[in-house]
Amino acid sequence: MPEIYDVVVIGGGPGGYVAAIRAAQLGMKVACVESRAALGGTCVNVGCIPSKALLQSSEKFAEAGHALAAHGVKIEGVALDLKTMQARKDKVVGENTRGVEFLFKKNKIGWLKGTGRIAAPDTVEVTLAAGGTETVKAKSIVIATGSDIVRLPGIEIDEKRIVSSTGALMLTDVPKRFVVIGAGYIGLEMGSVWGRLGAEVTVVEFLDRITPGMDAEVARNLQRILQKQCFTFKLGTKVTAAKSAGKGVTLTLEPAAGGAKEELVADVVLVAVGRRPYTDKLGLEAVGVALDDKKGVKVDGQFRTNVASIYAIGDVIAGPMLAHKAEDEGVAVAEILAGQKPHIDYDAIPAVIYTAPEVASVGKTEEELKAAGVAYAVGKFPFTANGRARCNGETEGFVKILADAKTDRVLGVHIIGAEAGTMIAEAALALEFGASAEDIARTCHAHPTLPEAIKEAALAVAKRSIHI
Ligand code: FAD
Ligand code: NAI
């Protein structure tokens, strides 16, 4: 007799493992199918965690190399030990994956180690990593199979010289010439890592701007700042071919609008042109689960697919491909299965790019408000006028608050500056609570701290900043 569960979650990433834990907390009998050798999904194994570990280490290397002298700290003979840096990253990943495994044990969640296929609306067949198959029954099935990289036709990823983010996290030498295709999250973060460690970084971007979707003023500032670091941008440009020869890769570039071709030689090329929902080998067609126009699983506001017992969350459904969005959906779907009525405010999901300085935003951009015809007021405050930023020697960037012109309700917050990713939590809370700019302006902020710039930007909405 197959084991019968209340819920079987397919995929052990931030969406799936969180759904499994929340469902177990709510008293359900839960199993999670995960094909990787470790839990935690893309995020913990080859995404958020290893990239942030390398960003942290490379930032320390860059600081030791040239940022500490101004503080009166002289260091001579700074040298890179890439093997140790990579080993540390692997250790951090291991600590996190084992952490998820511990949480599974604590919550009595069964980990079915292998690849899941939905054989029927109440049946999951698992091809076990150890060999053989196991069939389990479930009252509800949650698809949380995440996403995979988008490939470019004719450019074969070998994870050595032409790499995806996974290969870019594992390089054993610093490439002299690191070319990135795509000026999005991965391109800018991995470009920062290898640039800080000594690579010349060239980013080839199809559009005429970096980081599409981000507030355009912030994106322009980020581009300017990155250009002062190790980045060269080739915007409005497409890569039409990549040929590996000898030790390098020769790329053929063309203006996106058409025109003369040029060649660019790289030691390592990173393809970072986006990710796609991953539903391969899941058996969705046979069971009749409908997909959306981006080949993601189509769900309603309650994460239900068109098949009554089957739900989906995370990168495999529409919306930003972010770990915290997947986690919130994991909690929500488990609560829905338990008969509760959770709600996610998709306007209050923050996004952070962990460059130096960081860029963080929540809510609407100016472009979105203009397109929607919403009248808004802008409050801006530069970190050059923030006391703590001066103490820290990190004065680049600003906070920008967009508030409804009539009601003063905060509609969007965009921060470029050191610690922006940490500071955006206050703004997300403000949006979640429907705060006005006045609410933020009247909230006492400790001095001297970087978040005082948020308070000042809120004051600037009504043109009454104190420190500028
Ligand atoms: P995933 O994490 O992709 O997990 C899905 C899991 O399902 C995988 O482990 C996969 O092996 C498993 N699976 C798939 N099919 C099957 C099957 N049939 N049977 C069994 N198992 C299966 N987001 C952030 O918010 N912050 C960041 O800093 C950040 N950095 C990133 C850096 C990189 C380099 C990358 C690539 C991504 C980053 N992301 C970041 C995005 C983040 O990783 C994803 O949004 C998040 O992992 C999505 O979670 P998920 O649970 O939907 O899917
Ligand atoms: P992305 O969507 O962020 O950026 C892709 C970029 O490639 C875009 O600027 C796009 O215009 C460009 N592009 C597309 N096709 C192209 C082509 N043929 N030639 C040149 N440029 C092209 O995708 P990315 O960087 O691959 O990351 C995938 C996703 O992973 C992100 O969207 C994000 O959801 C997630 N992520 C999140 C991080 C974070 O939260 N800090 C970090 C890393 C990834």
- Going by the structure shown, is Lys105 in a helix (DSSP H, G or I), away from ligand 2 (no atom under 12 Å from the Cβ) and either open to solvent by less than 70 Å² (accessible area, probe 1.4 Å) or under 29 Å from Phe303 (Cβ atoms) (or both)? yes
- Restricting attention to region 133-156, which residues are open to solvent by less than 30 Å² (accessible area, probe 1.4 Å) and either assigned to a strand (DSSP E or B) or in contact with a Lys or Arg (Cβ under 7 Å, 6 or more places away or on another chain) (or both)? Val136, Ala138, Ser140, Ile141, Val142, Ile143, Ser147, Ile149
- Note on the structure: For region 8-22 the number of residues that are more than 16 Å from ligand 2 (Cβ to nearest atom), crowded, with 24+ Cβ neighbours inside 10 Å and over 11 Å from Val33 (Cα atoms) is 2
- Scanning region 141-166 for residues that are on the phi > 0 side of the Ramachandran plot and in contact with a helix residue (DSSP H, G or I) (Cβ under 7 Å, 6 or more places away or on another chain), which turns out farthest from ligand 2 (Cβ to nearest atom)? Glu159
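For region 275-289, name all the residues that are aliphatic (A, V, I, L, M) and either open to solvent by less than 60 Å² (accessible area, probe 1.4 Å) or within 14 Å of ligand 2 (Cβ to nearest atom) (or both).
If we filter region 275-289 for residues that are aliphatic (A, V, I, L, M), which is where we start, we get 282, 284, 286-287, 289.
Those that are aliphatic (A, V, I, L, M) and either open to solvent by less than 60 Å² (accessible area, probe 1.4 Å) or within 14 Å of ligand 2 (Cβ to nearest atom) (or both): Leu282, Leu284, Val287, Val289.
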- Item | Scope region 271-285; condition of a type in the set (A, V, I, L, M, F, W, C), within 10 Å of ligand 1 (Cβ to nearest atom) and under 11 Å from Gly184 (Cβ atoms); matching residues | Ala272
- Item | Yes/no for Thr115 being modelled with pLDDT of 95 or more and over 30 Å from Ala338 (Cβ atoms) | no
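Could you grab me the full set of residues in region 224-240 that are touching a residue at least 24 places away in the same chain (Cβ under 8 Å) and open to solvent by 40 Å² or more (accessible area, probe 1.4 Å)? Can you show your working first?
Just the residues of region 224-240 that are touching a residue at least 24 places away in the same chain (Cβ under 8 Å), to begin with: 225-226, 229-240.
Those that are touching a residue at least 24 places away in the same chain (Cβ under 8 Å) and open to solvent by 40 Å² or more (accessible area, probe 1.4 Å): Gln229, Thr232, Lys234, Leu235, Lys238, Thr240.
I need the full set of residues from region 371-384 which are without any contact (Cβ under 8 Å) to a residue 40 or more places away in the chain, surrounded by fewer than 18 Cβ atoms within 10 Å (Cβ to Cβ) and more than 27 Å from the chain's Cα centre (by Cα), in order please. If you could, list the steps in order and put the result at the bottom.
Going residue by residue through region 371-384, those that are without any contact (Cβ under 8 Å) to a residue 40 or more places away in the chain are 371-376, 384.
Of the ones still in play, those that are also surrounded by fewer than 18 Cβ atoms within 10 Å (Cβ to Cβ) are 371-375, 384.
Matches in region 371-384: Gly373, Val374, Ala375, Thr384.
Do we have any residue at all in region 168-180 that's of a type in the set (Gly, Ala, Ser), more than 13 Å from ligand 2 (Cβ to nearest atom), touching a residue at least 12 places away in the same chain (Cβ under 8 Å) and more than 14 Å from Gly274 (Cα to Cα)? Explain how you work it out, then say what you get.
First pass over region 168-180, keeping only residues of a type in the set (Gly, Ala, Ser): 168.
Checking which are more than 13 Å from ligand 2 (Cβ to nearest atom) leaves us with none.
No, there is no match, as no residue in region 168-180 is of a type in the set (Gly, Ala, Ser), more than 13 Å from ligand 2 (Cβ to nearest atom), touching a residue at least 12 places away in the same chain (Cβ under 8 Å) and more than 14 Å from Gly274 (Cα to Cα).
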- Message: When you check Ile454 against the structure, is it of a type outside the set (Gly, Ala, Ser) and surrounded by fewer than 23 Cβ atoms within 10 Å (Cβ to Cβ), yes or no?
- Response: no
- Residue check: is Met214 out of contact with any His (no Cβ under 6 Å at 6 or more places or on another chain), open to solvent by 20 Å² or more (accessible area, probe 1.4 Å) and within 14 Å of ligand 1 (Cβ to nearest atom)? no
- Within the group Arg36, Arg98, which residue is of a type in the set (D, E, K, R), in contact with a Ser or Thr (Cβ under 9 Å, 6 or more places away or on another chain) and under 27 Å from Met190 (Cβ atoms)? Arg36
- Please go through region 182-208 and pick out each residue that is under 17 Å from the mean Cα position of the chain (by Cα) and of a type in the set (A, V, I, L, M, F, W, C). Ala183, Ile186, Leu188, Met190, Val193
- Item | Exclusive hit being exposed (fewer than 15 other Cβ atoms within 10 Å of the Cβ) and either more than 19 Å from Ile4 (Cα to Cα) or away from ligand 2 (no atom under 16 Å from the Cβ) (or both), set Thr84, Thr127, Thr97 | Thr84
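The values are calculated or read from the model by the stated rules, or taken from the named source; none is laboratory data. Predicted, not measured: the structure shown is a model, and the values here were computed from it. Glycine also receives a Cβ, built like all others from the backbone with ideal geometry; neighbour counts cover every protein chain displayed. Accessible surface is based on the protein model in full, side chains and every heavy atom, while ligands, DNA and RNA are left aside. Shrake-Rupley method; radii C 1.70, N 1.55, O 1.52, S 1.80 Å.
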